[in-house]
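Quick notes on the structure that follows.
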Amino acid sequence: MTTQTRNRAGQSQPPRSSRSPKGTVQPAVNGGSSHMRLLLASSEVEPYSKTGGLADMTAALGKYLARAGHRVGIVTPLHRGIPAQYAKRIQPFAWSLNLPLGSAIVHADIAVAEPEPNLTIYFVDAPVFYDRAGLYVDPASKAEYWDNTERYVFFSKAVVNLARYLPWKPEVVHVHDWHGGVVPLLVRHQSWNDGWMHPPKTVLTVHNLAPQGRCAGGKYALTNLPSYYFHPDAAEFFGDFNPLKAGLVFADALTTVSPTYAKEILTPAYGEGLDGLLRNRQHVLTGILNGVDYEQWQTERNPQLPRPYSAADLAGKAACKAELQAELGLPVRADVPLFGTITRIDPQKGVDLILSALEEMLASDLQYVLLGTGRPDFEAAYRYLAGRYPKKVAVQIGYDSVLAHRIEAGCDFYLMPSRFEPCGLNQMYSLRYGAVPVVRATGGLQDSVVDVREVPERADGIKLQAPAVPALAKGIRKALALWREPGLLERYRRNGMTADFSWQRSVRQYETLYAKLRR
Ligand code: ADP
């Protein structure tokens, strides 16, 4: 462990002699090289921690940027279970932090993993905040942790400390969602007032505009920043402190995870109260569709699947379906269409619409499986439905990434009637796995699925316009009609399985954005 010095903002700063356990300090400006130095920060990173698509996205973005030759770091909390599960991969790092958090000083160590050349994961090891049973929510009470603001303001300060003092001098710091929202403000403040020469440019990606980290205005004191940023044009939102808003105001560039969501959030219907601010900043806002990590999400060499299959040879998919039906206790029948959903159980995902539409549609010959966890009332409603229709409905409450692959592989159709969907990954996984997605035409669902009314010869899914029960029931009826036309269904499947959402494409767009910023 190193001893600490303090800079003027009270940030811990490792002494010069111990700053570089691996390599030498590099110049702040990358002399025109096309390879960049990039520090990503995310509250969850696959495989270390995951509650949703954010973890997939940040892990894949980091990995593919590193493979493109960039120097990449990802900062993330050291959540409970990570040290034990990845004991061989994770090393201590000669870096320790004692950062002010309101009136307290909080200590953290840093641990590192280097899963790929050019890629370092920096784990913020602060047991008081991250050694917990859940990431954001206490699994016992299902309530959000009361101190999530403390946990993520602290995380943001740790990110800024690394951004400022890491010997390889990141040129761009790319934060994700409200958990890193304070980072752009802290970087701006330290460059204006605290002697930070050549600070990195900041990018904030909004994976979901709804959670903003909004909390009582008094919690702004956790930032240890002057009160003049607590203002409606900065970090204040109707008297409250809003970390996401701070990021939206101060980041050099903003992105969201699909082009359609980038347009939707400029409207009051999707803007979650921040559409006015976003309209003012739309000149720095881009929508970049997430990619799929096809090394993980594929059907040809996937140890999680009972049989391999591909667009050219779908026989293995029938075997995956039979095994899934048996595993779920459903009648093993090739002739009945199997629908599925893997989701956070939350109204955003239209889980209530599925429940109601199924009440109507379960009179038809179909099966449905849901894997998910979330709102207790909806979990109970799904369990109740499965109890009433044991031969038609299987419900698995919980988080199970192996079962997620098996469901994608075993299903014929995938239901995703989201009210809003910044990007969504499961519809893209479904396309690759030959489970025809039935989706609401919003956000990334609009950008990744092709309906027959758009480009008939490339159709690979069914889109509903309204987030409403009759629209979903109609979508399911269309799926049943497709089921009765095997030739057409196979064409949909092949179109979906050959559609390309690889990360290489998305990474090129991020590279363009970073390169523009560092000019
Ligand atoms: P969001 O991030 O809004 O929850 P996405 O579709 O972008 O939705 O990403 C969800 C990711 O989380 C996917 O990789 C999905 O397979 C996974 N996932 C969600 N719930 C579960 C679950 N209960 N078990 C396994 N994987 C899940």
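The values are calculated or read from the model by the stated rules, or taken from the named source; none is laboratory data. The model shown is predicted, which means the values in this text are computed figures rather than measured ones. Cβ coordinates were reconstructed from backbone atoms using ideal geometry, including for glycine residues, and neighbour counts include every protein chain displayed.
Tabulated results
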read-out	value
Complete set of residues in the range 111-156 that are of a type in the set (D, E) and surrounded by fewer than 21 Cβ atoms within 10 Å (Cβ to Cβ)	E114, E116, D131, D138, E144, D147, E150
Residue list for the range 89-116, restricted to those being over 27 Å from T149 (Cβ atoms), part of a strand (DSSP E or B) and among the charged types (D, E, K, R)	E114, E116
Check on L278, crowded, with 21+ Cβ neighbours inside 10 Å, away from the ligand (no atom under 15 Å from the Cβ) and assigned by TED's automatic domain parsing to the domain that holds D240	yes
Pair list, Cβ < 7 Å and 6+ apart or interchain, from the range 418-446 residues that are on the phi < 0 side of the Ramachandran plot to residues that are near the ligand (Cβ under 7 Å from one of its atoms) and of a type in the set (G, A, S)	S418/G424; C423/G53; L425/G53; G444/G424; L445/G424
Residue list for the range 347-372, restricted to those being of a type outside the set (S, T, N, Q), assigned to a loop (DSSP other than H, G, I, E, B), in contact (Cβ under 8 Å) with a residue 40 or more places away in the chain and more than 16 Å from the ligand (Cβ to nearest atom)	L366
Spans of helices (runs of 4 or more DSSP H) in the range 417-519 with at least 1 residues β-branched (V, I, T)	469-483, 486-498, 503-518
Which listed residue is modelled with pLDDT under 95, away from the ligand (no atom under 11 Å from the Cβ), surrounded by fewer than 20 Cβ atoms within 10 Å (Cβ to Cβ) and among the charged types (D, E, K, R), from R375, R388, R333, R383	R375
